[in-house]
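No lab work stands behind these numbers, since they all come straight from the coordinates. This one's a predicted model, so the numbers in the text were calculated from it and none came from an experiment. Here the Cβ positions follow ideal geometry from the backbone for every residue, glycine too, while neighbour counts run over all protein chains shown.
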Amino acid sequence: MTGKMLRIGMVGYPTFGGSGVVATELGMALAELGHSVHFITYSQPVRLELLNANVHYHEVNVPEYPLFHYQPYELALSSKLVDMVKLHKIDLLHVHYAIPHAYAGYMAKQMLKSEGIKIPMVTTLHGTDITLVGNHPFYKTAVTFSINKSDVVTSVSQNLKDETYSLFDIKKDIHVIPNFIELDKIKNISKIASNRSVMANENEKIITHISNFRKVKRIPDVIDIFYKIQQKIPSKLMMVGDGPEKVTAENLCFKLGISDKVIFFGNSNEIDKILSFTDLFLLPSETESFGLAALEAMAWGVPVISSNTGGLSEVNFDGISGYLSDVGNTGEMSQNAIKILENESTLLEFKNNASTTAKQFDIKNIVTLYENLYKEALVKK
C-alpha cells in the first residue's frame with residue numbers, strides 16, 4: 001500500500017494460541033513496512049518484539065473489585081481503546097477474535113463517536129470464536145451483533161467463512177485472508193546439528209505434534225498413530241504444548257509401553273528448532289478453522305498427516321504436502337505416514353512439496369491483502 005502510513009490499534013489474545021500469534025506477527029510485519037502498530041491487551045504478546053520504533057504495547061489493567069464475581073475485562077478494554085485512540089491518534093482498530101474483542105471495539109467506537117471521532121474497525125475471525133464460543137446460546141446474539149457492526153470482516157479460511165454464514169445471521173461480506181508464516185525468519189535460523197541427538201538417534205525419524213492439548217486436537221489419536229508408526233519405523237514423537245489432555249497422553253504412552261519414545265516439551269519457545277529436525281507432523285484434529293500448526297511445519301519442509309476437517313484441506317494438499325484422512329481414521333493416517341517415511345526419496349519429495357506449498361502463505365503476500373482492506377475500511381468510515 002503506497003501513501004499514508006497508518007496508526008493501527010491491534011487487539012488480540014497475547015497467548016500461544018493461533019489467533020494471538022497471527023495478530024502479533026501481522027502487527028510486527030506492518031511495523032516493518034513503516035506503519036505504527038499499537039498492541040492493546042492484558043499482557044505482552046508471546047512473540048512480540050519491542051525493539052522496533054513502530055511497535056508499541058499498552059497494557060489493559062483490570063482492577064480487582066470484590067463486588068465483581070467476574071472482573072469486567074470488556075469494560076476495561078473498551079475504555080483503554082478509547083484512551084489510546086485519542087492519545088496516539090490511532091486511525092483504525094484491527095480486532096482478532098470476535099468475543100470479547102469485537103464487542104469491546106464496537107463499544108469503544110460508540111464512545112469515540114459521541115466525541116466526534118470516527119474510527120473504522122476490522123474484525124478477523126479465527127475459528128473457535130465462531131464454532132465454539134460464539135455459537136454458544138449465551139454469546140450468539142453478541143457475536144452476531146459485533147460482526148455485523150464491524151466495518152470490514154475477514155476470516156482465516158473459506159471453510160470458516162461458510163461456517164460463519166451458516167451459524168449466524170451475518171449481513172456483512174466476509175473476506176478470506178489466510179493465516180501466514182514468516183519465511184525469511186525460517187531461512188535465518190540455522191540448524192544446530194548437535195541438538196538432534198537430544199531428541200532421537202541418527203537412525204530414528206522425528207515425528208512432531210504441536211497444539212494446546214485440548215479435546216478437539218484428539219491427542220489420543222496422535223499417540224495411536226505414532227504407536228502404529230513406531231512398530232514399522234524406528235522413530236520418536238515430540239509432543240509440544242500444554243493443556244487438559246496432556247496427562248491423558250502421558251498415561252496412554254505408559255500403558256502402550258512407549259514412554260521412552262515420546263518427549264513432552266510443554267509450551268516451548270524452541271518450536272522452530274524442533275521443526276527444523278522433524279520428518280513428519282501429525283494433526284488429526286476434530287476440527288481446525290485453518291491449521292496454522294500444519295503450515296508452520298510445512299514452512300520447515302515437514303510433510304503433514306492430518307484430518308480433512310475444517311480449513312485443513314486449504315493448507316495441506318492431499319498426496320502433495322502430506323495426506324488427509326477422515327477424523328478418527330488413525331489406521332489410514334498411520335499407513336500414510338509409513339508410506340512417506342519408509343522411503344528416503346519419497347520423504348524428500350514430500351518435504352520439498354511441503355516447503356513449496358508453504359511459500360504461497362508467506363507473510364509478504366498476505367500483509368498486502370490486509371493493507372488493502374485497511375484502505376477500504378478507512379473509506380467506509
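Give the relative contact order (percent, whole number) for the chain; include only Cα pairs under 8 Å separated by 6+ residues.
Across the chain, relative contact order equals 14 percent.
Using the Cβ-Cβ distance between LEU348 and ASP173 with R0 = 56 Å, the FRET efficiency computed as 1/(1 + (r/R0)^6) comes to roughly 0.85.
Spatial offset of segment 262-293 relative to segment 325-361 amounts to 14 Å, using the alpha carbon center of each.
Using the Cα gyration tensor of segment 1-118, with a ≥ b ≥ c the square roots of its eigenvalues, what is the shape: rounded (a/c below 1.5), prolate (a/b larger than b/c) or oblate (neither)?
Since a/c reaches 1.5 but b/c is at least a/b, the shape of segment 1-118 is classed as oblate.
For the chain, modelled as a GNM with alpha-carbon contacts under 10 angstrom, which of ALA102, ALA142, ALA297 fluctuates the most? Most flexible of the set in this elastic network: ALA142. For LYS380, the lysines whose Cα comes closer than 17 Å to its Cα, not counting residues fewer than 8 places off in the same chain, are LYS4, LYS109, LYS113, LYS118, LYS149, LYS171, LYS172. Screening the chain for whole DSSP H helices of 20 Å or more along their axis (Cα) with average Kyte-Doolittle hydropathy at least 0.5 returns 18-32.
For segment 184-359, the share of DSSP beta bridges that are antiparallel, to the nearest 5, is 5%. Taking the chain as a Gaussian network of alpha-carbon nodes connected by springs under 10 Å, the highest mean-square fluctuation of the residues GLU204, GLU64, GLU344 belongs to GLU64. Counting Lys and Arg as +1 and Asp and Glu as -1 over every other residue whose Cβ lies under 11 Å from the Cβ of ILE8, the net charge comes to -1.
Taking square-rooted eigenvalues a ≥ b ≥ c of the alpha carbon gyration tensor, is segment 184-359 rounded, prolate or oblate, where a/c under 1.5 means rounded and, failing that, a/b exceeding b/c means prolate? Here segment 184-359 falls in the rounded category. Secondary-structure-derived ellipticity at 222 nm for the chain, considering helices only, amounts to -13000 deg cm²/dmol, per-run term -39500 (n - 2.57) for DSSP H runs with n ≥ 4. Taking Cβ atoms as reference points and 14 Å as the exclusive limit, the residues near LEU26 contribute a net charge of -3, counting Lys and Arg as +1 and Asp and Glu as -1.
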